[in-house]
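Working notes for the structure below.
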Amino acid sequence: MKWNLKLSFVLVLTFLSNIAFASKISYEKSLDLLLKNIHPADTIEGVVVASPSRSHPDYFYHWVRDAALVMNTIFDVMESEQNIKKKKKLKKLMYEFVNRVKGNQIASGFWKLGEPKYNVDGTPFTGPWGRPQHDGPALRAITLIKFANCLLKDGKADYVKENLYSPTLPALTVIKKDLEYTARHWSLKGFDYWEEVKGLHFSTMMAQRRAMIDGAKLARRLNDPHAATFYEGVAMRIEQRLKKFWNPTKDYIESTQEQTRGVQKSQLDISVVLGVHHSGLNDGFFDVLDPRVIKTVNKLNDSFNRIYKINGDKNLGTAIGRYPEDTYDGYRTDKEGNPWFLATFAMAEYYLRVAKASNYSKASLGNICLSLKLKHCSNMTQKKFKTLLTKKANTYFERADFHADQNGHMSEQMNRYNGYMMGARDLTWSYASHISALLQK
Ligand code: NOJ
Ligand code: NOJ
């Protein structure tokens with residue numbers, strides 16, 4: 001009897017802890033849900049809808065930025081996939097995406113490749129919007145260059161030259177068009193990742209720099225040395241401008257400078273970290289170990305920790321938003337902003353990438369130590385340090401998990417007071433950011 005009681009007590013405990021710790025979100029579920037948003041019913045092939053939500057809010061469009069980032073994740077998933085059948089399916093999606101980009105580039109409206117979004121029938125969206133947006137072509141080039149390099153390795157040079165990159169000018173191929181556009185528009189003001197403020201943006205320029213550097217390498221590989229030199233020169237000029245985004249007085253990297261339109265804000269913004277993830281090259285230029293990046297990360301954590309009520313629960317990682325002054329609640333722009341899933345995953349990805357890195361300088365170590373709320377890290381072994389970083393990353397996954405629904409669905413945001421999901425349901429970018437963070441494990 002006594003033994004039975006003890007056993008049932010243990011069973012109840014195991015049951016409870018399973019409820020508490022079984023994740024609702026996973027790599028498989030996110031991938032499944034993401035794939036549902038690529039070419040869903042009522043759309044043409046290659047379309048990536050930002051969300052299946054067609055009203056309140058209407059996100060049933062193909063955004064150039066979202067699509068480029070999502071397909072970048074699809075490419076990475078494809079590369080890591082062992083199952084030949086699944087790999088083939090993903091590759092097919094990449095080819096269909098190339099065709100869609102071709103269509104977008106031909107149909108692009110008044111702002112040419114700076115058009116930010118397209119209807120699901122492939123025509124440009126013509127309603128009022130924050131235009132132009134210059135990050136799209138650069139992000140798209142980054143994704144497609146990865147695909148081009150993979151195809152070249154597989155001996156598909158003919159396809160690459162015909163569709164992706166040929167030296168011909170005016171440009172005839174998709175990557176070449178995006179690179180030429182980027183090389184000629186990087187210094188012009190446009191709207192930011194959040195489509196709200198006009199100016200020059202850190203994340204946009206990071207994407208433009210990477211597009212130029214990756215593009216130059218591809219150009220060399222495909223016998224276009226003059227273009228390569230031109231793109232390299234542009235990359236250097238972009239770097240000079242990017243360095244000015246560090247503000248030593250504020251102690252963080254500013255998201256926007258030379259702003260001409262949109263609300264005034266502190267320019268402390270998760271888009272800076274997204275820029276590092278999407279477009280960093282691990283080459284020492286604003287990489288994850290750069291003390292300026294770490295300081296920005298620390299400021300973002302502290303700020304969101306303070307302003308969102310749900311962050312009072314210290315058992316979970318900090319829920320992260322876009323920027324402290326945000327007034328977009330997922331439906332209207334005159335409300336209070338909330339934490340976003342993709343912003344919270346960006347933090348998880350950040351710590352995982354730091355854990356993977358080596359060669360920590362003294363300055364970066366000190367700042368990471370602050371980030372982990374530790375007094376001293378100098379005597380710590382590398383192994384212990386990495387374990388702590390991974391643990392920290394996991395707190396952000398746990399945070400997202402807590403607010404996701406039973407079946408791993410994730411919207412755009414979570415309510416800052418009660419944690420319930422807000423904004424566009426099944427946001428494709430939420431899933432892509434979850435997967436790309438997990439791929440760093
Ligand atoms: C306002 C939001 O702040 C912005 O980020 C969004 O893209 C547009 N509305 C469209 O939903
Ligand atoms: C609003 C976000 O601010 C923007 O970055 C995104 O492109 C659109 N929603 C679509 O997801």
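Applying a threshold of 6 Å to beta carbon distances and a minimum spacing of six or more residues, or different chains, the list of pairs starting in region 320-331 at a residue that is within 10 Å of S303 (Cβ to Cβ) and ending at one that is at pLDDT 95 or above and near ligand 1 (Cβ under 9 Å from one of its atoms) reads G321/G337. Within the group Q257, Q240, which residue is more than 23 Å from W340 (Cα to Cα) and in contact with a Gly (Cβ under 7 Å, 6 or more places away or on another chain)? Q257 is the lone residue from the list that is more than 23 Å from W340 (Cα to Cα) and in contact with a Gly (Cβ under 7 Å, 6 or more places away or on another chain). Scanning region 313-344 for residues that are within 16 Å of ligand 1 (Cβ to nearest atom), in a loop (DSSP other than H, G, I, E, B) and either among the basic types (K, R) or in contact with a helix residue (DSSP H, G or I) (Cβ under 6 Å, 6 or more places away or on another chain) (or both) turns up I320, R322, P324, R332, K335. The set of residues from region 77-98 being of a type in the set (D, E), part of a helix (DSSP H, G or I) and either more than 22 Å from K161 (Cβ to Cβ) or under 21 Å from the mean Cα position of the chain (by Cα) (or both) comprises just one member, E79.
Identify all residues within region 97-136 that are touching a residue at least 40 places away in the same chain (Cβ under 8 Å), more than 16 Å from ligand 1 (Cβ to nearest atom) and farther than 16 Å from V48 by Cβ; write none if there are none. Within region 97-136, K112, L113 qualify.
Being in a loop (DSSP other than H, G, I, E, B) and either closer than 24 Å to P52 by Cα or more than 16 Å from ligand 2 (Cβ to nearest atom) (or both), is that true of even one residue in region 137-155? Yes, because at least one residue in region 137-155 is in a loop (DSSP other than H, G, I, E, B) and either closer than 24 Å to P52 by Cα or more than 16 Å from ligand 2 (Cβ to nearest atom) (or both).
Is it true that V174 is among the aliphatic types (A, V, I, L, M), surrounded by 18 or more Cβ atoms within 10 Å (Cβ to Cβ) and within 16 Å of ligand 1 (Cβ to nearest atom)? It is false that V174 is among the aliphatic types (A, V, I, L, M), surrounded by 18 or more Cβ atoms within 10 Å (Cβ to Cβ) and within 16 Å of ligand 1 (Cβ to nearest atom).
Quick grid of which residues meet (1) in a helix (DSSP H, G or I); (2) in contact with a helix residue (DSSP H, G or I) (Cβ under 9 Å, 6 or more places away or on another chain); (3) in contact (Cβ under 8 Å) with a residue 40 or more places away in the chain; (4) on the phi > 0 side of the Ramachandran plot:
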residue: A346; (1), (2), (3), (4): yes, yes, yes, no
residue: E349; (1), (2), (3), (4): yes, yes, yes, no
residue: S364; (1), (2), (3), (4): yes, yes, yes, no
residue: T387; (1), (2), (3), (4): yes, yes, no, no
residue: Q406; (1), (2), (3), (4): no, no, yes, no
residue: H409; (1), (2), (3), (4): no, yes, yes, no
residue: Y417; (1), (2), (3), (4): no, yes, yes, no
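Take the conditions (1) within 18 Å of A211 (Cα to Cα); (2) outside any helix (DSSP H, G or I); (3) of a type in the set (D, E, K, R); R131 misses just one of them, which is (1). Tell me which residues, restricted to region 419-441, are among the aromatic types (F, W, Y) and not in a loop (DSSP other than H, G, I, E, B). Answer for region 419-441, where residues must be among the aromatic types (F, W, Y) and not in a loop (DSSP other than H, G, I, E, B): W429, Y431. For region 285-312, taking the residues that are farther than 20 Å from L389 by Cα and outside any helix (DSSP H, G or I), the one that is farthest from ligand 1 (Cβ to nearest atom) is identified as F285. The set of residues in region 58-96 that are more than 10 Å from ligand 2 (Cβ to nearest atom), of a type in the set (D, E, K, R) and in contact (Cβ under 8 Å) with a residue 40 or more places away in the chain comprises D76, E79, E96.
The values are calculated or read from the model by the stated rules, or taken from the named source; none is laboratory data. Quick caveat, the model's predicted, so the values are computed rather than measured. Backbone-built Cβ (ideal geometry, glycine too); neighbour counts: all protein chains shown.
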